[in-house]
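The values are calculated or read from the model by the stated rules, or taken from the named source; none is laboratory data. Worth saying up front: this structure is predicted, and the values here are computed from it rather than measured. Methodologically, a virtual Cβ is constructed for each residue, glycine included, from the backbone with ideal geometry; neighbour enumeration extends over all protein chains shown.
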Amino acid sequence: MTSESTAHHRSERLDQFRNFTMAHPRLVAARDELVDAIEGATPGSLVMVLGPTGVGKTTLRTKVEQLLLQQMPPDSGRLPFVSVEVPPPHSGRFRWRDYFSRLLVAMNEPLIYAKTMRVYSSAPTPVATIVGDTDLSFAAEQALRHRRPPVVFVDEAQHLGRVASGRRLSDQLDVMKSIANRTGTVHVLFGTYELLAFRNLSAQLSRRCLDLHFQRYRADSAADRQVFQSVLLTFQKQLPFESKETDLAAMWEFLYERSVGCVGILKEWLVRASVRAIRHGAAALTREHLEATALSISQCEKILAESREGETRLNDSEEAKLRFRTLLGIEQPVAAAPRNPAAPTRRTARVGQRSPQRDPIGGETVAAYA
């Protein structure tokens with residue numbers, strides 16, 4: 001095999017590795033839970049899929065889309081789902097106009113920016129006005145009603161929180177909830193733990209929202225460590241190298257450390273390291289390639305800090321459960337220990353004040369002072 005054909009072969013193997021996705025236990029469990037949530041949710045509900053960055057939320061969305069596509073009966077007019085990604089705002093704050101435009105594009109709506117709203121007045125002919133945010137919102141609602149998708153997937157939904165100064169976060173989610181309610185669709189919001197800012201903003205939102213926690217693998221769990229090492233073995237078989245010298249399992253602690261237990265971060269890292277190894281003509285992936293392409297310690301610390309904070313807020317503690325049951329009246333508060341009425345009470349006197357006692361009288365007094 002010539003050097004040119006070898007390079008072409010490795011390039012093909014690298015593309016295959018890029019497109020490879022693995023159904024690891026965390027992903028499979030989250031997929032099944034999300035499908036159950038979509039099928040069991042009331043039309044107009046919101047489902048929040050929360051997890052650390054790089055855990056694989058986009059891969060989860062893709063897997064669920066494939067299932068919905070297979071389950072949807074043939075219907076030329078109905079969409080099995082609609083997927084839209086919320087981009088980071090260029091102006092520093094989120095704009096609904098951009099979101100509705102992308103939503104219409106996802107539904108293949110024609111002539112998005114040519115739409116006008118006819119305003120009837122005393123003029124003999126209707127007056128066409130320039131399309132605005134309200135018009136795009138109405139167009140998106142009409143498209144959802146006509147195309148009848150059961151679910152709308154909103155990726156990178158944490159960008160909804162980039163609001164203008166003085167605007168409430170609850171207003172953002174109220175708009176989303178209103179669209180879901182009027183169109184009878186379930187909206188699934190994928191995002192990092194920043195989405196927790198939207199959580200429990202009001203009782204109405206709490207009632208209509210369902211949380212789904214897509215967690216990373218944790219090193220303090222023996223089961224998670226074993227699964228993570230199995231993930232490494234699976235990735236190792238898919239690496240674009242003919243040589244069998246690469247042993248990812250032997251480096252599992254380093255690989256876990258710089259991926260923080262997130263399979264998505266691990267996969268992107270292995271792709272970067274493989275590209276570097278191929279460019280340098282290496283026959284196998286080595287630790288040097290991995291060290292040169294790993295995230296820095298400061299980057300990993302930031303990811304870990306946000307992950308631990310989000311996990312703490314989402315996992316209900318026993319103390320929180322007991323406090324809630326007490327507020328409901330199911331659990332009675334622990335009463336203070338009763339006082340013993342026979343026990344003497346101790347009084348604290350002021351400085352210079354005699355303690356109460358019986359003074360001697362009569363001859364005893366004379367004897368005492370003689």
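Checked against (1) assigned to a helix (DSSP H, G or I); (2) surrounded by 17 or more Cβ atoms within 10 Å (Cβ to Cβ), Arg207 meets all criteria but (2). Looking across Leu304, Leu327, one residue alone is part of a helix (DSSP H, G or I), closer than 23 Å to Ile265 by Cα and not charged (D, E, K, R). It is Leu304. The set of residues from segment 288-309 being surrounded by fewer than 15 Cβ atoms within 10 Å (Cβ to Cβ) and closer than 18 Å to Asp247 by Cα comprises Glu288, Glu291, Ala292. For beta carbons closer than 7 Å, sequence separation of 6+ or different chains, a first residue in segment 170-185 that is more than 21 Å from Glu85 (Cβ to Cβ) and at pLDDT 85 or above and a second that is buried (at least 20 other Cβ atoms within 10 Å of the Cβ) and charged (D, E, K, R), there are no qualifying pairs.
For segment 276-289, filtering for residues that are part of a helix (DSSP H, G or I) and touching a Leu at 6+ places or on another chain (Cβ under 7 Å) leaves 2. One residue stands out in segment 218-241 among those that are outside any helix (DSSP H, G or I) and not acidic (Asp, Glu): the one that is nearest to the chain's Cα centre (by Cα), namely Arg218.
Would you check which residues across segment 93-110 are of a type in the set (S, T, N, Q) and either buried (at least 20 other Cβ atoms within 10 Å of the Cβ) or farther than 15 Å from Phe81 by Cβ (or both) and list them? Scanning segment 93-110 gives a single hit, Ser101.
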